[in-house]
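Please treat every number below as a calculation from the coordinates, not as lab data. These numbers were taken from a predicted model, which means no experiment stands behind them. Don't worry about glycine lacking a Cβ; one is built from the backbone with ideal geometry, like all the others, and counts go over all protein chains shown.
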Protein chains: 2
Amino acid sequence: MPSEQTVQLDRLTAFIREALTVLGLPPADAFTVAALMAEADLQGSDGHGVTRLPQYARRIKAGGFNVRPDIKVVRDHPGTALIDGDNGMGHLVMKRAAEMAIEKARNTGIAWVNSQFSNHAGPASLYASMPLAHDMIGLYFAVGNANHLPPWGGLDMLLSTNPVAAAVPAGKERAIVLDMATTVAAYGKVKTKALRGETMPEGWMIDRNGQPLTDPKRADEGMLLPLGGMEAGYKGYGLALIIGLLAGTLGGAAMGRDVIDFNRDDDSVTNTGQAIAVINVAAFGDVDVFKSSVDRLIGDLRNSSRMPGVDRIYVPGERSHETRERRRRDGIPIAPALMRGLDKLAAELGIACLIQEI
Amino acid sequence: MPSEQTVQLDRLTAFIREALTVLGLPPADAFTVAALMAEADLQGSDGHGVTRLPQYARRIKAGGFNVRPDIKVVRDHPGTALIDGDNGMGHLVMKRAAEMAIEKARNTGIAWVNSQFSNHAGPASLYASMPLAHDMIGLYFAVGNANHLPPWGGLDMLLSTNPVAAAVPAGKERAIVLDMATTVAAYGKVKTKALRGETMPEGWMIDRNGQPLTDPKRADEGMLLPLGGMEAGYKGYGLALIIGLLAGTLGGAAMGRDVIDFNRDDDSVTNTGQAIAVINVAAFGDVDVFKSSVDRLIGDLRNSSRMPGVDRIYVPGERSHETRERRRRDGIPIAPALMRGLDKLAAELGIACLIQEI
């Protein structure tokens, strides 16, 4: 028996959809969330896909998610909107926000939609990439769902790893897609190191005396370092703060001390905030000329001289594009521990396991 | 005689205005540029203020700036515009862009204006801060005027230190203003270290073998490290790339290999691109509620626990606010070498020196 089993995208989507339906989501909503979660796994955002399903299920059972939310627009202007997610799953809220921003940007050239009373929505790149099919640029900002970052020089973790994503359409090349936390390492990477019994590199975390912390089992005693690390971490701190203001405070969502650690709390309303901006390339010039310029730039970067020992120069998003193609062909790997968790969940919900024994 | 002389804001503005007028700018334009350059010095952005005047003068004399530009809107949508700066000074172009974006955001909630055929415009924070007086948030992105950054793993410097600035209004507190290059250190900091005969910290630059470069006199042999440094520099590379796409490529301005090093070239049209986004806070909710939330967040950050040895926790922009107040009161210091350069320029232009001997 292989140590790591794989599953096809369609099967993974169907499994998540069935689980969410049994948990009480309307069929259409269950499919929307399932498709986005499976897409996260397909593109290699393993920390944001089906691995979250047991936690989501726990939260739904505890009443921490509203499975029948009345998602509505509470502020509306030609280029902006504020969407109240009614504590529904974040995927539903931000898919709606992205679609709304795309429609608005057709007329105004740019649109910006914030959410309030949303929830964890998976990888930022999913939503930033939605405008690509419309020849538009997407920018996405989110308040993370747990505070692991203090202000620069501080000890109190008042900020999250607030991510930013940007997706820019290309022509013959694939789109440029950046998706990054504003800390040196995302907290999920720390948890992965702990699970594997590995040591973290210096520069990911520090302890309360500012000394490097490299034992991931002691993560609770330390803090993530903001992007820039010891030399320039005040920049990462600044970015995390601005992103939190744009994605959280602007839309009346939680920020700073109001952020709820949804890994340790299954039932409080998180009032998660996110923001998506959509820029219509056609408002600034000929779309084909723009795409050709992006193609040329990608080629220049890719074909430029490399440092000794470097095999290849990547453009942001390339690894995800390749993972997506490989996993579409070969299936999505599911780690043994995750598979056990999903089998247990399937048994609880009375649905078929993700992979059925023959 | 003091080693460093100081000058009052009004006198500095008048000196720059007179110099630019003699160099051929219309009086109103000379005043606009002078006020913004002096404001840069006032807030402590010393690398972007009057220190640039000798270089600007050289470029004007060489025909590298158009002193009588026909700055015009070449694309216009309800929420966006593209401004052709006609190779005028960047300050003129981006002040116009900011004003236009503020007007548009009144109606649409958000606006985004790009420039093409613009030039170096001084510190990003100047323009990001213009919407503050209208209870709006400003975001500013620029393609830097010289490439000092290779793609991650590469040797060819195809990218600049592309800065981002963000300004968020507060209530009783002063606005949060972030202004940062997407490299660990801006190139100006390297030049300052060289002038002072000091060594750079490890982490600012690397040589062509990826080894730390700490001698600023050898800067030409090395490359800046992107924000994130050796651990996570691919993130800073990604940010620099996305900012360049938004500020340059989107508006048909120079990006990548087309960027001209304006420190070594006085007469080529740089086709510099910048972008400003303005978000109308009122489109998302009550402005006073928003400002109170920002105030509370600032207070939480400032009053949070500090690491051993840390005297104070700063919010982005606080140091600039304090410098502005101090220099408004005590005057703006002008380093001896800069003063000699300005005296020489004054003699060439036949105008009074910045500080006249009694």
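Of note:
- With neighbours defined as other Cβ atoms within 10 Å of a residue's Cβ, the residues B:320, A:160 order from fewest to most as B:320, A:160.
- Label-to-label distance, nm, for residues given as residue A:217 and residue A:133 (7 Å Cα→Cβ offset): 4.7
- Shape category assigned to segment A:159-207 from the gyration tensor of Cα positions, a/c cut at 1.5: prolate
- Cα→Cβ-extended label distance, 7 Å offset, between residue A:209 and residue B:306, nm: 1.9
- Cα-centre dipole for segment B:122-209 with unit charges at Cβ (Lys and Arg positive, Asp and Glu negative), debye to 20: 220
- Among B:263, B:87, B:114, the largest mean-square fluctuation in a Gaussian network model of chain B (Cα springs under 10 Å) belongs to B:263.
- Straight Cα distances below 15 angstrom link residue A:61 to the aspartates and glutamates A:265, A:266, A:267, A:348, with same-chain residues fewer than 8 positions distant left out.
- Per residue, the protein assembly as shown reaches -12000 deg cm²/dmol at 222 nm when only DSSP H runs of four or more residues are counted, each adding -39500 (n - 2.57).
- Hits among aspartates and glutamates - C-alpha to C-alpha of residue A:217 under 17 Å, sequence gap 8 or more where chains match: A:198, A:202, A:207
- Gyration tensor verdict on chain A (Cα atoms; rounded if a/c is under 1.5, prolate if a/b is larger than b/c, oblate otherwise): rounded
- Take each residue of peptide A:164-171, count the partner chain Cβ atoms within 10 Å of its Cβ, and average: the result is 2.
- Distance from the alpha carbon centroid of segment B:87-147 to that of segment B:5-53 works out to 19 angstrom.
- Within 10 Å of the Cβ of each residue in B:78-87, the mean number of Cβ atoms contributed by other protein chains is 4.
- Distances from residue B:209 to itself in the other copies, using label points 7 Å out along the Cα-Cβ axis, amount to 3.6 nm in increasing order.
- When the Gaussian network model of chain A links Cα atoms closer than 10 Å, the mean-square fluctuations of A:123, A:308, A:333 top out at A:308.
- Alpha carbon centroid spacing (whole Å) that separates segment A:271-347 from segment B:181-196: 32
- Anisotropy class of segment B:23-119 from Cα gyration tensor, a/c 1.5 cut: oblate
- Legend: distances between Cα atoms for A:189/B:193; B:95/B:344; A:72/A:193; pairs beyond 32 Å are A:189/B:193; A:72/A:193.
- Counted over segment A:4-154, the DSSP beta bridges are approximately 45% antiparallel.
- Packing rank of B:161-167, A:30-36, where each peptide gets the mean count of other beta carbons within 10 Å, highest leading: B:161-167, A:30-36
- The mean count of C-beta atoms from other chains within 10 Å of the C-beta of residues in B:105-116, rounded to a whole number, is 6.
- Cross-link partners of residue A:291 among aspartates and glutamates, defined as those whose alpha carbon lies under 19 angstrom from its own and excluding same-chain residues fewer than eight positions apart: A:135, A:173, A:300, A:318, B:258.
- Springs join every pair of Cα atoms under 10 Å in this Gaussian network model of chain B, and among B:115, B:304, B:268 the largest mean-square fluctuation is at B:304.
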